[in-house]
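Have a look at the structure below, then the notes.
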Amino acid sequence: MITPGRGLVGVATGCVALLTGCTYPGHTEAARARPADTALSASDVGEMQRSAFVTGCGGTSAGWQATAVVSNRDAVEHRYLVVISFMTPESTDLGRTRTEVTVAPGATQDFTTETRLDPVTRPQTVRCVLRGVEQL
């Protein structure tokens, strides 16, 4: 049986977690909430996340390269800032790129971004992880 005092503590703890946000190791700046004056609705953020995808990830002579696409579902041209992390299989961040992509109305634009990694010391496997998409 739950005593009345314990139920209140649980509610208060849940409210504090909602107000302060949850954090975890690897929490990045891109995942933090925006200030209230530029807040996006959850559906807007979800829509932008679904409109960008990493389509390829591979080594180059100078480092590692990611290819990706951004789709613009609106009737006007938009610019997007896309952040991609290059990570080891153990999730160590080796590098991060920020790429601006302009996409025509109703179109999909592909792009390539690269980070320099020493081919001798870099891991054999590097993952390209989409970290964020922001409409500029």
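Each value in this text was obtained by applying a stated rule to the coordinates, not by laboratory testing. Keep in mind it's a predicted model, so treat the numbers as computed, not measured. Methodologically, a virtual Cβ is constructed for each residue, glycine included, from the backbone with ideal geometry; neighbour enumeration extends over all protein chains shown.
Database remark: amide H of T60 closer than 5 angstrom to the amide H of Q65 (H placed geometrically; neighbours at sequence offset of 5 or more, or on other chains; Pro and chain starts carry no H). Between T121 and T108, the modelled label-to-label distance comes to 3.9 nm, taking each label 7 Å out from Cα in the direction of the beta carbon. Per-residue Karplus couplings for segment 108-114, computed as 6.51 cos²θ - 1.76 cosθ + 1.60 with θ equal to phi - 60°, are listed in order as 10, 10, 9, 8, 10, 9, 9 Hz, Gly and Pro entered as x. The ellipsoid that matches the Cα gyration tensor of segment 37-135 has semi-axes, each √(5λ) in whole angstrom, of 28, 14, 10, with the longest given first.
3J(HN,Hα) couplings calculated from phi for segment 77-86 with the Karplus curve 6.51 cos²θ - 1.76 cosθ + 1.60 (θ = phi - 60°) are, in sequence order, 5, 9, 9, 10, 9, 10, 10, 10, 9, 10 Hz; Gly and Pro show x.
Positive contributions from Lys and Arg (+1) and negative ones from Asp and Glu (-1), summed over other residues with Cβ under 12 Å from the Cβ of S61, come out at 0.
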